[in-house]
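Below: one structure, written as structure tokens.
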């Protein structure tokens, strides 16, 4: 007979740089000045893209777009920790991840303009096309991590999803597989507090999303998702652990979606201005700027130059994107199978897309 | 040549493809130590080890979802779903991802994944162990759907499915696993996907069937001059073989286990209406199951087409 505690878990919260730009000396020790500057510049680039995408949508030049404003530190910080052989499984709200990985900017615009060719991932870049059904990409990351293990590669699969995605069966089944088979996977949940209109507390009764990892037999950590340095440090540690056969990690980036869910949404219907304003005061660039100033890495000119560089890149990308020839109707059929079926062959002619 | 049953034939196909290609892996519930609930994967764990023959948690969504990720990364996973109805949980992974990865990435990523599952009546199992929902999968662009009818074609079709560049749903008629034996070459060979076979030649009625119903149609055809087509690949089906036969006989009867409403027979009949109407002497007949859920064992023989119902359709077809 017994009545005793047989298991406990503790959830770590990580913040390398606080809102005033003070750095934890131990956490920041492994981060180079160059990496901090790259975080800053990547956030600027992401934000520039984001603003232009929102404008282009309003002008009818692209379709529905999912803004990443507010979440840039989670995306940029984690993506900077990736190595070349790692594979990334994104959701539809990962502009910062794509751009930090060096994804062609014009293709990003092309995708949001409704053209699949925007997600024809260039060779050498190991990121999957955006996954639209929420959370469904989680098992794919587990599968790729499994393949890496089977093939004996030193690499990890990194999956991005949100607090909404953590309620799906895909989250449970994907993380469970990763735990059971000790797979080299890193699950990055950007808890941006809102799944369209449903607040985080309505997704799960658990205090944190991070703690859910423990039920799958591995660690979960909550990170200040507006702290690019903290996210970078946490992701780097999780990747190292994965590649050293230490198994998966769930990283909950505690952040906030400052914009509407997408350009088709109106967030004022379900959340207060005050709440948004409060989070605006915590947006990721503010503390990074303060930190870099203290480190002697930031000047007004430096930031201005970074913005100008980003604008030039984005402007050129939009030009490229808009000059790109439109897709051919026959593409609808051509990429479905490795080879055309006889039926598809007939349909190409029937629809007048081929002679 | 050895006479073997379908379980042994599928087992050979898996083992030989795993031997030939180190990227082929097998995963599913009870597929390792237990050799699968139908023993289809028997011996594979001992031969290829737990890295390539994986007993997984009870998790159909992740079986297929992980399969998609593995395939994208360069493996050729063969996922076993224990019974067809259990694949319903994985339908989103098949429909939203496996079938679309190539199109979505404009060819950068592909999904050479095989989902094997036993299907159909005949094993006296509990509820939801006897489904024939092949039309669900046939409706999906970007996938192939295959049903073997003999040990020979089971082996050849599965080898083709594993070597295929895209996702294949491979439906194994549970009733046929051990009920028939045929001569099967010991070494690897392929039966091409997308091609039907004239299983029995005839002049008066074209009968289109697959899996278990193929054999029932053969049984029912005594006394009729039926040309029986074993469709084998349901998607994309072999339009040419079907059309050539109907042009010759002028009559068509389609037999399947699934419900008639939106069953694959509807597509076949519509195809014949569009392409062969001038050759038809009378209406296309479908012998299928009623618009009702698959009953449990006590009633299942009333549900699926019987030889009597099939014969009746032949008689009606011959009135024209």
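The values are calculated or read from the model by the stated rules, or taken from the named source; none is laboratory data. As the structure is a prediction and not an experimental result, all values here were calculated from the model. Positions of Cβ are generated from backbone atoms using ideal geometry, with glycine treated the same way; all protein chains shown enter the neighbour counts.
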Quiz item: Scanning for something part of a loop (DSSP other than H, G, I, E, B), in contact (Cβ under 8 Å) with a residue 24 or more places away in the chain, touching a helix residue (DSSP H, G or I) at 6+ places or on another chain (Cβ under 7 Å) and surrounded by 13 or more Cβ atoms within 10 Å (Cβ to Cβ), does region A:31-39 turn up at least one residue?
Solution: yes
Self-check item: Residue under evaluation residue A:223, criteria (1) more than 27 Å from residue A:30 (Cβ to Cβ); (2) assigned to a strand (DSSP E or B), criterion not met
Solution: (1)
Quiz item: Is it fair to say residue B:243 is outside any helix (DSSP H, G or I) and within 14 Å of another protein chain (Cβ to nearest Cβ)?
Solution: no
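Residue-wise test of (1) within 21 Å of residue A:67 (Cα to Cα); (2) within 14 Å of chain B (Cβ to nearest Cβ).
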{"site": "A:266", "(1), (2)": "yes, no"}
{"site": "A:294", "(1), (2)": "no, no"}
{"site": "A:315", "(1), (2)": "yes, no"}
{"site": "A:336", "(1), (2)": "no, yes"}
{"site": "A:340", "(1), (2)": "no, yes"}
{"site": "A:350", "(1), (2)": "no, yes"}
Exercise. Please tell me if residue B:238 is within 19 Å of residue B:197 (Cβ to Cβ), in contact (Cβ under 8 Å) with a residue 12 or more places away in the chain and surrounded by fewer than 23 Cβ atoms within 10 Å (Cβ to Cβ).
Key: yes
Practice problem: Could you tell me which of the residues A:129, A:139 is touching a helix residue (DSSP H, G or I) at 6+ places or on another chain (Cβ under 7 Å), part of a loop (DSSP other than H, G, I, E, B) and within 9 Å of chain B (Cβ to nearest Cβ)? | Solution: A:129
Exercise. Restricting attention to region A:242-301, report how many residues are touching a helix residue (DSSP H, G or I) at 6+ places or on another chain (Cβ under 7 Å) and assigned to a strand (DSSP E or B).
Key: 5
Practice problem: Answer yes if at least one residue in region A:168-178 is part of a loop (DSSP other than H, G, I, E, B) and under 30 Å from residue A:268 (Cα atoms), and no otherwise. | Solution: yes
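Looking at B:71, B:62, B:9, which one is assigned by TED's automatic domain parsing to the domain that holds residue B:137 and either farther than 22 Å from residue A:153 by Cβ or surrounded by fewer than 21 Cβ atoms within 10 Å (Cβ to Cβ) (or both)? I'd like the intermediate steps shown before the answer.
On the way: B:71 fails: either farther than 22 Å from residue A:153 by Cβ or surrounded by fewer than 21 Cβ atoms within 10 Å (Cβ to Cβ) (or both); B:62 fails: either farther than 22 Å from residue A:153 by Cβ or surrounded by fewer than 21 Cβ atoms within 10 Å (Cβ to Cβ) (or both).
When all the criteria are applied, what remains is B:9.
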Quiz prompt | region A:101-118, residues that are under 20 Å from residue B:94 (Cβ atoms) and either free of Cβ contacts under 8 Å to residues at least 60 places away in the same chain or surrounded by 20 or more Cβ atoms within 10 Å (Cβ to Cβ) (or both) | solution = none
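Take residue A:91 and tell me if it is touching a strand residue (DSSP E or B) at 6+ places or on another chain (Cβ under 6 Å), in a helix (DSSP H, G or I) and within 24 Å of residue A:164 (Cα to Cα). First the steps, then the outcome.
On the way: touching a strand residue (DSSP E or B) at 6+ places or on another chain (Cβ under 6 Å): yes; in a helix (DSSP H, G or I): no; within 24 Å of residue A:164 (Cα to Cα): yes.
No.
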Quiz item: Among the residues of region B:261-271, is any out of contact with any helix residue (DSSP H, G or I) (no Cβ under 9 Å at 6 or more places or on another chain) and either in contact (Cβ under 8 Å) with a residue 12 or more places away in the chain or crowded, with 17+ Cβ neighbours inside 10 Å (or both)?
Solution: yes
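Can you tell me which residue is surrounded by the fewest Cβ atoms within 10 Å (Cβ to Cβ) among those in region A:159-183 that are closer than 18 Å to residue A:90 by Cβ and within 12 Å of chain B (Cβ to nearest Cβ)? Don't jump to the end; show me each part of the working.
Of the residues in region A:159-183, the ones closer than 18 Å to residue A:90 by Cβ are A:159-166, A:168, A:170-171, A:174-175, A:178.
Pick out the ones that are also within 12 Å of chain B (Cβ to nearest Cβ) and you get A:159, A:168, A:170-171, A:174-175, A:178.
On the way: A:159: 33, A:168: 19, A:170: 26, A:171: 25, A:174: 36, A:175: 29, A:178: 34.
Looking at residues that are closer than 18 Å to residue A:90 by Cβ and within 12 Å of chain B (Cβ to nearest Cβ), I get A:168.
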Quiz item: Would you call residue A:68 more than 14 Å from every other protein chain (Cβ to nearest Cβ), in a loop (DSSP other than H, G, I, E, B) and crowded, with 24+ Cβ neighbours inside 10 Å?
Solution: yes
Quiz item: Within region B:68-92, can you find the residues that are within 7 Å of another protein chain (Cβ to nearest Cβ) and either in a helix (DSSP H, G or I) or free of Cβ contacts under 8 Å to residues at least 12 places away in the same chain (or both)?
Solution: B:68, B:69, B:70, B:72, B:73, B:92
Quiz prompt | Which listed residue is touching a residue at least 12 places away in the same chain (Cβ under 8 Å), assigned by TED's automatic domain parsing to the domain that holds residue A:111, at positive phi and more than 9 Å from the chain's Cα centre (by Cα), from A:77, A:70 | solution = A:70
Practice problem: Identify the single condition in (1) more than 8 Å from chain A (Cβ to nearest Cβ); (2) assigned to a helix (DSSP H, G or I) that residue B:65 does not satisfy, given that it satisfies every other one. | Solution: (1)
Quiz item: Would a scan of region B:290-312 turn up a residue that is more than 26 Å from residue B:123 (Cβ to Cβ), surrounded by fewer than 23 Cβ atoms within 10 Å (Cβ to Cβ) and at pLDDT 95 or above?
Solution: yes
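Of all residues in region A:11-30, which are more than 13 Å from residue A:227 (Cα to Cα), touching a helix residue (DSSP H, G or I) at 6+ places or on another chain (Cβ under 9 Å) and at pLDDT 95 or above?
Just the residues of region A:11-30 that are more than 13 Å from residue A:227 (Cα to Cα), to begin with: A:11-12, A:25-26, A:29-30.
Going one step further and asking which of them are touching a helix residue (DSSP H, G or I) at 6+ places or on another chain (Cβ under 9 Å), we end up with A:11-12, A:30.
Passing the criteria: A:11, A:12.
Answer with yes or no whether residue B:35 is assigned by TED's automatic domain parsing to the domain that holds residue B:160, free of Cβ contacts under 8 Å to residues at least 40 places away in the same chain, assigned to a loop (DSSP other than H, G, I, E, B) and on the phi > 0 side of the Ramachandran plot. Write out each step before concluding.
Details: assigned by TED's automatic domain parsing to the domain that holds residue B:160: yes; free of Cβ contacts under 8 Å to residues at least 40 places away in the same chain: yes; assigned to a loop (DSSP other than H, G, I, E, B): yes; on the phi > 0 side of the Ramachandran plot: yes.
It is true that residue B:35 is assigned by TED's automatic domain parsing to the domain that holds residue B:160, free of Cβ contacts under 8 Å to residues at least 40 places away in the same chain, assigned to a loop (DSSP other than H, G, I, E, B) and on the phi > 0 side of the Ramachandran plot.
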Exercise. Quick one: residue B:263 ticks every box in (1) within 14 Å of chain A (Cβ to nearest Cβ); (2) closer than 21 Å to residue B:170 by Cβ except a single one, so which number is it?
Key: (1)
